[in-house]
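I have placed the structure first, in the form of structure tokens, so that the comments after it can refer back to it.
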Amino acid sequence: MKKKILSLLIAPFIYSASSQIRINEIVTNPQQDHNASGSVTDTDEYLELFNYSGQPNSLQGWRLELIDTTPESISLSNIIINPGEFYVVQNPRGEQNNNGRVELYDSLSNLVDSVSYGTWLGATVTNANATGLFNESLSRYPDGSTNWVKTYASRGRTNFPSPEERTMLYIFREQDGNKVGIEVIGASQRESVLQTINSLSDTNWTDIYTNRMPFRFTNDSFSQRFYRTREEYLR
């Protein structure tokens with residue numbers, strides 16, 4: 001009798017913990033070199049999990065089911081995700097399609113989370129096809145929520161809102177009216193990530209420097225890392 005009571009007390013606790021791990025981000029059509037291999041290939045695809053509970057969660061015995069035209073299963077072991085942290089599955093097995101379904105199961109084979117996207121049966125999320133950095137990722141926003149948006153990739157970091165929700169900054173050059181549109185798409189103490197709205201080649205501006213912190217400037221035609229200088233200027 002004591003064993004039965006103990007089991008009833010423990011089971012809800014296990015379920016509650018596991019149910020707070022979410023499939024948080026999906027990139028199946030990479031536009032960036034996410035694995036630092038030197039080029040953008042299918043190996044830059046990734047899935048991201050997020051622990052939005054208040055306690056560490058072990059994924060021992062858990063698995064991911066990748067359901068598309070080339071279905072695969074990924075076993076997760078010796079992985080602990082701390083509260084508010086992310087776990088990235090880089091280059092998952094198989095060919096990740098722009099339409100499909102991802103399922104996350106715990107060690108008892110309980111379905112913890114799932115998402116269907118694109119034209120897959122029962123899909124409520126758009127497809128994962130990307131045409132640039134601005135729609136590279138299928139992301140939950142805010143992290144762990146039920147809301148999915150198509151936005152910038154944020155591998156292992158807090159997800160971004162959809163691009164249209166961002167505030168834009170425009171810098172004008174008085175002598176000819178040329179402008180550069182800039183938006184901050186991510187920031188940390190060491191680096192900020194900026195996105196140019198228009199190509200710098202269209203404005204006759206080649207570089208933008210700042211003395212505040214190093215920036216990573218990105219768009220489809222321009223990508224370079226800028227480092228701290230003595231003064232802030234345009235050239």
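Every read-out reported here was derived from the displayed coordinates using simple, explicitly stated rules and does not represent laboratory data. Owing to the predicted nature of the structure, the values given are computational and were not obtained by experimental measurement. Cβ placement follows ideal geometry from the backbone for every residue including glycine, while neighbour counts extend to all protein chains displayed.
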- Ile80-Thr158 pseudo-label distance in nm [points 7 Å out on the Cα-to-Cβ vector]: 2.5 nm
- Of segment 60-82, those with amide N under 16 Å from the point 7 Å along the Cα→Cβ vector of Ser114 are 63-69, 71-74
- Task: Just subtract the alpha-carbon distance of Arg93 and Asn129 from 0.36 nm times their residue separation and send over the number in nm, one decimal.
- Result: 11.1 nm
- Item | Size of electric dipole in segment 14-162: Cβ of Lys, Arg +1 and of Asp, Glu -1, about Cα centre, debye, nearest 20 | 300 debye
- Could you please rank Arg140, Arg157, placing first whichever residue has the fewest other Cβ atoms within 10 Å of its Cβ? Arg157, Arg140
- Message: Per 0.36 nm of contour for each residue apart, how much would the distance between Val40 and Thr70 grow if the chain were fully extended, relative to their Cα-Cα spacing?
- Response: 8.7 nm
- Note on the structure: Checked against the positive end of the charge dipole of segment 14-162 (+1 on Cβ of Lys and Arg, -1 on Cβ of Asp and Glu, about the Cα centre), the farthest of Ile80, Asn24, Gln55 is Gln55
